[in-house]
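Enquirer: Handing you this structure, nothing more for now.
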Amino acid sequence: MRNVIYAINLTLDGCCDHTKQVGPDEELLEHYAQLLREVDLLVYGRKTYQLMVPYWPDAANDPSSTKADVKFARAFVSMKKIVFSRSLDSVDDGDTRIVRANLRDEIFKLKQEPGKDILVGGVDIPSQLMELDLIDEYRLVVTPIIAGEGRQLFEGVNLPEKRQLKLVESKTFKSGCVALRHLKQ
Amino acid sequence: MRNVIYAINLTLDGCCDHTKFNPAEDLHEHYTHLLRDDAGLLVYGRKTYQLMVPYWPDIAKSQSETKADIEFAQAFDSLNKIVFSRSLASAEDKHTRIVRTNLRDEIVKLKQEPGKNILVGGVDIPSQLIELGLVDEYRFVVMPIIVGQGRRLLEGVNLPEKRRLKLVESKTFESGCVALRYLKQ
């Protein structure tokens with residue numbers, strides 16, 4: 001069965017609002033490009049999807065993009081994507097499918113299909129998947145920032161009890177970011 | 001000048017409420033080192049102080065706890081302490097001084113006195129010190145747990161802008177905890 005991997009950047013005080021962070025440097029882009037090589041399907045909600053598309057497809061073709069930008073952008077563009085949305089009518093991107101049906105059933109079905117792992121991003125969809133206990137692996141990057149405000153990871157999530165995870169990897173970057181990898185127990 | 005060090009345990013989703021988790025056994029040694037090697041003075045608010053005293057001084061005197069517990073308790077017991085409180089009438093502990101005056105002035109004065117560093121714990125007092133820009137070093141221990149609730153670190157803190165820190169150390173424990181050390185920039 002394919003694993004569902006959730007990846008996000010967090011500040012030290014648990015803020016997951018991307019506007020409160022700093023843009024990814026070369027090392028972090030390389031980290032995420034590597035992560036994309038481990039998966040073959042990206043799952044987003046509408047908001048995150050629209051942050052990523054057309055931004056990254058455009059960056060892939062922009063001559064002013066850095067080498068690391070282009071590398072990540074190309075890996076991103078080549079992936080199949082699913083966007084969960086009730087309001088989105090259509091998408092330009094050929095590899096994207098809009099899904100309006102039940103999140104749980106759809107993810108459950110996708111997990112049983114053959115292929116590499118499934119990467120989810122954003123906050124709303126992953127929070128719902130976390131509540132449903134459908135996330136198998138967490139790739140959190142802790143940025144060396146105290147935001148003091150902004151949306152917190154898993155704010156308003158309703159867990160019957162705390163989730164104990166298993167740390168399997170920790171890696172520090174020159175920028176002071178720490179990439180942590182945790183598995184569901 | 002002495003540094004002010006803030007140490008706390010956090011869940012992956014940024015919860016700092018100690019009732020939501022049990023700190024792992026292998027953290028005792030980490031904190032014993034912090035007390036013995038780096039701290040000359042402990043600073044708390046009333047709530048944290050009353051969580052620590054008489055709990056740890058009692059353990060320091062007992063013979064029935066684990067060696068790691070007793071070592072931590074003895075290191076804790078032997079340090080001078082300051083508790084900021086308007087309501088606490090007196091403290092039985094002979095190493096403790098109650099301070100009712102202005103937090104900022106007192107900490108600025110203490111920083112200029114000779115001695116080892118000042119270790120602050122809890123949430124309210126450290127949050128105020130972070131707002132005042134008076135925390136020089138952070139020792140966060142990130143535990144492999146998601147709680148989805150509970151008080152968040154620096155909730156309601158008012159920062160004019162986000163604080164960028166410098167990661168200087170990262171250490172993982174068998175329990176899956178990750179100790180991160182940051183300096184103010």
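The values are calculated or read from the model by the stated rules, or taken from the named source; none is laboratory data. Predicted, not measured: the structure shown is a model, and the values here were computed from it. For neighbour counting, all protein chains shown are included, and Cβ atoms are generated from backbone atoms with ideal geometry for every residue, glycine included.
Enquirer: In the list A:T11, A:T19, which residue meets the criterion of being under 24 Å from B:T11 (Cβ atoms), out of contact with any strand residue (DSSP E or B) (no Cβ under 6 Å at 6 or more places or on another chain) and polar (S, T, N, Q)?
Expert: A:T19
Enquirer: May I pose another question? Residue pairs, Cβ under 9 Å, 6 or more apart or interchain, first in region A:3-17 and more than 11 Å from chain B (Cβ to nearest Cβ) and over 16 Å from A:L129 (Cα atoms), second among the hydrophobic types (A, V, I, L, M, F, W, C) and not in a strand (DSSP E or B). List them.
Expert: A:N9/A:C16; A:N9/A:L28; A:N9/A:C177
Enquirer: Which fully enclosed strands (runs of 3 or more DSSP E) of region B:36-116 have 3 or more residues being surrounded by 19 or more Cβ atoms within 10 Å (Cβ to Cβ)?
Expert: Those strands (runs of 3 or more DSSP E) span B:39-45, B:80-84.
Residue-wise test of (1) among the hydrophobic types (A, V, I, L, M, F, W, C); (2) within 13 Å of the chain's Cα centre (by Cα); (3) surrounded by fewer than 16 Cβ atoms within 10 Å (Cβ to Cβ).
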residue	(1), (2), (3)
A:L12	yes, no, no
A:K20	no, no, no
A:L41	yes, yes, no
A:Y44	no, yes, no
A:M52	yes, yes, no
A:W56	yes, no, no
A:I82	yes, yes, no
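Enquirer: Also, I was wondering about something else. Run B:Y31 past the list (1) crowded, with 19+ Cβ neighbours inside 10 Å; (2) assigned to a strand (DSSP E or B) and report the number of the one that doesn't hold.
Expert: Against the list (1) crowded, with 19+ Cβ neighbours inside 10 Å; (2) assigned to a strand (DSSP E or B), B:Y31 comes up short only on (2).
Enquirer: Separate question: Does A:K67 qualify as being surrounded by fewer than 18 Cβ atoms within 10 Å (Cβ to Cβ) and closer than 30 Å to B:A24 by Cβ?
Expert: In short, no.
Enquirer: Now for a different question. Exactly one condition in (1) closer than 23 Å to B:L154 by Cα; (2) away from chain A (no Cβ under 14 Å); (3) hydrophobic (A, V, I, L, M, F, W, C) is not met by B:W56; state its number.
Expert: Among (1) closer than 23 Å to B:L154 by Cα; (2) away from chain A (no Cβ under 14 Å); (3) hydrophobic (A, V, I, L, M, F, W, C), the lone unmet condition for B:W56 is (1).
Enquirer: Applying the selection to region B:136-185, what residues are more than 8 Å from every other protein chain (Cβ to nearest Cβ) and either in a strand (DSSP E or B) or touching a His at 6+ places or on another chain (Cβ under 8 Å) (or both)?
Expert: Selection gives B:E137, B:R139, B:V141, B:M143, B:V168, B:E169, B:K171, B:F173, B:A179, B:R181, B:L183, B:K184.
Enquirer: Here's a follow-up. Could you tell me which numbered condition B:D13 fails, if it satisfies all but one of (1) buried (at least 21 other Cβ atoms within 10 Å of the Cβ); (2) over 11 Å from B:F76 (Cα atoms); (3) under 14 Å from the mean Cα position of the chain (by Cα)?
Expert: Against the list (1) buried (at least 21 other Cβ atoms within 10 Å of the Cβ); (2) over 11 Å from B:F76 (Cα atoms); (3) under 14 Å from the mean Cα position of the chain (by Cα), B:D13 comes up short only on (3).
Enquirer: Next question, about the same structure. Kindly indicate which of B:K166, B:K111 is at pLDDT 95 or above and more than 20 Å from B:F84 (Cα to Cα).
Expert: Selected residue: B:K166, the only one of B:K166, B:K111 that is at pLDDT 95 or above and more than 20 Å from B:F84 (Cα to Cα).
Enquirer: Still on this structure: Scan A:E161, A:E137 and give me the residue that is of a type in the set (D, E) and free of Cβ contacts under 8 Å to residues at least 40 places away in the same chain.
Expert: Just a single option satisfies the conditions, and that option is A:E161.
Enquirer: Spot the failing condition for A:K109; the list is (1) modelled with pLDDT of 95 or more; (2) under 30 Å from B:Y6 (Cβ atoms), and only one is missed.
Expert: Only one criterion in (1) modelled with pLDDT of 95 or more; (2) under 30 Å from B:Y6 (Cβ atoms) is unmet by A:K109, namely (2).
Enquirer: Restricting to region B:5-28, name every residue that is part of a loop (DSSP other than H, G, I, E, B) and farther than 20 Å from A:E155 by Cβ.
Expert: If the condition is that a residue be part of a loop (DSSP other than H, G, I, E, B) and farther than 20 Å from A:E155 by Cβ, then B:N22, B:P23, B:A24, B:E25, B:D26 are the ones that fit.
Enquirer: Taking into account only those residues within region B:117-135 that are part of a loop (DSSP other than H, G, I, E, B) and within 11 Å of the chain's Cα centre (by Cα), which is surrounded by the fewest Cβ atoms within 10 Å (Cβ to Cβ)?
Expert: Within region B:117-135, the match that is surrounded by the fewest Cβ atoms within 10 Å (Cβ to Cβ) is B:G121.
Enquirer: Could you list, in sequence order, the residues of region B:78-106 that are of a type in the set (D, E, K, R) and farther than 17 Å from B:P57 by Cα?
Expert: Within region B:78-106, B:R86, B:R100, B:R104, B:D105, B:E106 meet the criteria.
Enquirer: From the set of residues in region A:30-75 that are outside any helix (DSSP H, G or I) and of a type in the set (S, T, Y), which is nearest to A:D95 (Cα to Cα)?
Expert: Restricting to residues being outside any helix (DSSP H, G or I) and of a type in the set (S, T, Y), the top hit is A:Y44.
Enquirer: Of the residues in region A:41-64, how many are of a type outside the set (S, T, Y), under 14 Å from A:T96 (Cα atoms) and in contact (Cβ under 8 Å) with a residue 60 or more places away in the chain?
Expert: Adding up the residues that qualify gives 5.
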